[in-house]
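Right, one structure below, let's go through it.
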Ligand SMILES: *Cc1c(COP(=O)(O)O)cnc(C)c1O
């Protein structure tokens, strides 16, 4: 037998058992955190991994029982730490992307967070406090939506994809839906118009071309199986140049002449005109209804700035059919989302949305204000004189809307650009990201960039503390 094979055998004999590992004080201290069963499974994985390393010659010769146990304990601790680090955690979004899909889309106002906490216990979800009898889920949100959009009826489901699925299934599942080829879009996170059509059972009839679709194209597609005309807001992309498509009003007279309903998937959709912020392409829901759309659906957590939800507004007869369909029961919104929506929509009703809804507030912050805050962070950092300082400077840049809205809208901002003579941008970015709370930045041209547009005012101090911590 060769020497290395010998040492592998002796190492294998010294390998701690799962039980030995579980009896260590370190393992015991993780027991309440990850639970008995999971701890045992992790201990088994760790000893298996050590055994494989020994067999593959990846461990040095003649290790003692103690040193192998110490290695096993370290591995177990790392595995347990990773285990408890998973899941949802608070992050500071310094990317400047307002509706950041990976970071939870719309952040909620303080008031909305309190409404969420209030609804977390028992609440009047389907209870009429005045009579003590059963109430209608979502009634308040629906009423607010009617007021804010002028619709006859409203319905709330889990997200906008669910809204589209519900509308297509109920109104057109047994027939055909006409849609322009220019609107067969994919929106981040796997929402693809043709796929939703397919799962609803409706047969998609594409008309026109990618850049130009005319009323005659819709006209030619009509037949006795046609059930619905659909308009999809292209959200995250724009076709420019030689383009044409009928207005919503034209499409609506066409559909109504043919005795068909018109459904607009507005995507983000907005309740108030955001043209002053460069978002003139976002359909204002009230205007879509006024132009003749029979049903309009939009997301709760994009530019509306609230909880994840799919909001459907429109004619009473169509919304009524959606409400009665069994699929609605499967797709309806939960009490937490409804509580948040109530709060956000009340801000709109008071005319206070631009001040109170974080997404809109962030959109509206002038560059000068962001610059002052950024300068403030830099000044305090320099005044604190950390031992291994980063180089911080102001840099003009652009924020982004995100969330599949306003792809061409880039509000001007002032960034904090971070660099260091001996640390790469990737290193700096990862130490920010691995801080507590995580600070998520972006990298461009070899510099780490922080955009305070998407950072709460009271988080500027937290950013300063994180920058000082990684400069030790
Ligand atoms: C974002 C979007 C959706 C999907 O909305 P979710 O709320 O994410 O389900 C559907 N349609 C359009 C046009 C969108 O922009």
* In nm², what is the average projected area of the convex hull enclosing the Cα atoms of the range 119-262? -> 11.4 nm²
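Which order do the peptides 200-208, 401-409, 8-16, 79-87 take when ranked by the mean count of other beta-carbon atoms within 10 Å per residue, highest first?
401-409, 200-208, 8-16, 79-87
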* **Computed Kirkwood radius, in angstrom, where 1/r is averaged over Cα pairs of the range 35-90** => 12.5 Å
* **Alpha carbon centroid spacing (whole Å) that separates the range 311-341 from the range 153-177** => 10 Å
* Asked: Could you list log10 I(q)/I(0) for the range 353-432 at q = 0.19, 0.23, 0.26 Å⁻¹, which the Debye formula gives when each Cα is one point scatterer?
  -> -0.96, -1.13, -1.22
* **Length released on extending from residue 20 to residue 224, taking residue separation times 0.36 nm less the Cα-Cα span** => 66.0 nm
* To do: Note the angle between two axes, namely the Cα long axis of helix 460-469 and the longest principal axis of the Cα atoms of the chain, as a number of degrees from 0 to 90, rounded to the nearest 10.
  => 20 degrees
* Could you tell me what percent of the DSSP beta bridges with both partners in the range 136-266 are antiparallel, to the nearest 5? => 15 percent
* Quick one: divide the alpha-carbon radius of gyration of the range 231-350 by 2.2 N^0.38 Å and tell me what you get. => 1.14
* Over the range 78-118, how many percent of alpha carbon pairs lie in each 5 Å bin up to the one with the longest distance? -> 6, 17, 19, 19, 18, 13, 7, 2
* Asked: What's the Kirkwood radius of the range 252-323 in Å, using all Cα pairs?
  -> 12.8 Å
* Please give the per residue volume of the convex hull enclosing the alpha carbon atoms of the range 283-323, rounded to a whole number of Å³. => 62 Å³
* Asked: Hey, what does the equivalent ellipsoid look like for the range 187-236, semi-axes from the Cα gyration tensor as sqrt of 5 times each eigenvalue, largest first, whole Å?
  -> 21, 16, 7
* Asked: Using helices alone, what [θ] at 222 nm do you get for the chain, with -39,500 (n - 2.57) per DSSP H run of 4 or more residues, divided over all residues and rounded to the nearest 500?
  -> -13500 deg cm²/dmol
* At q = 0.16 Å⁻¹, what is the base-10 log of I(q)/I(0) for the range 117-192 according to the Debye formula with one equal point scatterer per Cα and no solvent? Please give it to two decimals. => -0.86
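Of all DSSP beta bridges located in the chain, what percent are antiparallel, nearest 5?
Here the antiparallel bridges make up roughly 60 percent for the chain.
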* **Relative contact order %, the chain, counting alpha carbon pairs below 8 Å whose residues are six or more apart** => 18 percent
* Note the angle between two axes, namely the Cα long axis of helix 36-55 and the longest principal axis of the Cα atoms of the chain, as a number of degrees from 0 to 90, rounded to the nearest 10. => 60 degrees
* To do: May I ask you to derive the relative contact order of the range 222-319, considering only C-alpha pairs under 8 Å and at least 6 residues apart, and to give it as an integer percent?
  => 25 percent
* Structure fact -> Zone reached by a paramagnetic label modelled 7 Å from residue 88 Cα along Cα→Cβ, restricted to the range 275-318 with backbone N below 16 Å, covers 300-302, 306-310
* To do: Would you mind computing, in nm to one decimal, how far apart the modelled labels at residue 426 and residue 287 are, each placed 7 Å from Cα along Cα→Cβ?
  => 4.6 nm
* Asked: Using alpha-carbon pairs under 8 Å, 6+ residues apart, how would you state the relative contact order of the range 304-457 in percent?
  -> 17 percent
* Structure fact -> At q = 0.07, 0.09, 0.10 1/Å the base-10 log of I(q)/I(0) from the Debye formula over the alpha-carbon atoms of the chain is -0.53, -0.78, -0.89
* Asked: Per residue, how much space in cubic angstrom lies within the convex hull of the C-alpha atoms of the range 73-169?
  -> 231 Å³
* Structure fact -> Using the Kirkwood radius over Cα pairs of the range 1-140, the Stokes-Einstein translational diffusion coefficient at 25 °C and 0.890 mPa s, in µm²/s and rounded to a whole number, is 123 µm²/s
* Along principal axes, Cα extents of the range 304-449, largest first, whole Å -> 67, 31, 29
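Since every read-out is calculated from the coordinates, none of them should be taken as a lab result. Worth saying up front: this structure is predicted, and the values here are computed from it rather than measured. FYI the Cβ positions are ideal-geometry reconstructions off the backbone, even for glycines, and counts take in every protein chain you see.
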